[in-house]
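Working notes, beginning with the structure itself.
The values are calculated or read from the model by the stated rules, or taken from the named source; none is laboratory data. In this text, all values refer to a predicted model and were calculated from it rather than measured experimentally. Virtual Cβ from ideal backbone geometry, glycine too; neighbours counted across all protein chains shown.
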Amino acid sequence: MSYLRSDLWCGAFVRRHNDLGHFCVVSRRGDPIAGQVFVEVDHLNGTVSLFTPASFAAREEPTADRLFQLRFDKEEPAKVRERIEREIEFDPDLWVLSLELRQGDIGLLVV
């Protein structure tokens with residue numbers, strides 16, 4: 001099982017959301033080939049959600065798609081940023097995508 005390169009996946013995700021009229025940027029570039037991807041969603045009401053890669057134990061069956069889990073749901077931005085900073089210390093190859101979206105489909109496969 002192999003994933004699409006991280007840089008290509010992130011570029012497609014950002015472009016898709018920007019084409020839909022959402023504001024989406026790469027906040028942090030990681031390893032272009034195999035960096036993990038975190039998606040930070042600003043709900044434009046003072047809260048932020050964080051989607052992180054799903055653990056392999058959470059997967060029901062092997063898949064080549066990137067699966068995510070909702071780590072923080074509508075929390076204070078400082079709490080989410082602190083978590084991201086701790087993850088970067090552990091994994092400097094991490095990507096962070098920032099999306100502004102009040103509601104609607106984020107475009108992630110969530111388990």
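Provide a single number: the residues in region 63-90 that are more than 14 Å from the chain's Cα centre (by Cα), within 19 Å of D7 (Cα to Cα) and at pLDDT 95 or above.
0
Inside region 64-87, can you point out the residues that are surrounded by 14 or more Cβ atoms within 10 Å (Cβ to Cβ) and either of a type in the set (A, V, I, L, M) or touching a helix residue (DSSP H, G or I) at 6+ places or on another chain (Cβ under 6 Å) (or both)?
L67, L70, F72, V80, I84
Is it true that V48 is closer than 19 Å to R102 by Cα, modelled with pLDDT of 95 or more and of a type in the set (V, I, T)?
Here the answer is yes, as V48 does meet what is asked.
Could we say that G46 is at positive phi, within 14 Å of the chain's Cα centre (by Cα) and not acidic (D, E) here?
no
Can you pull out every residue in region 12-30 that is surrounded by 14 or more Cβ atoms within 10 Å (Cβ to Cβ), assigned to a helix (DSSP H, G or I) and more than 11 Å from the chain's Cα centre (by Cα)?
H17
State which residue is nearest to D19 (Cα to Cα) when the search covers only region 101-111 and only residues that are out of contact with any helix residue (DSSP H, G or I) (no Cβ under 8 Å at 6 or more places or on another chain) and surrounded by 15 or more Cβ atoms within 10 Å (Cβ to Cβ).
So the residue we want is I106.
Quick check on my filter: what residues within region 88-99 are among the acidic types (D, E) and either in contact with a helix residue (DSSP H, G or I) (Cβ under 9 Å, 6 or more places away or on another chain) or surrounded by 17 or more Cβ atoms within 10 Å (Cβ to Cβ) (or both)? It would help to see each step written out before you state the result.
The initial filter retains those residues of region 88-99 that are among the acidic types (D, E), namely 89, 91, 93.
Selection gives D93 alone.
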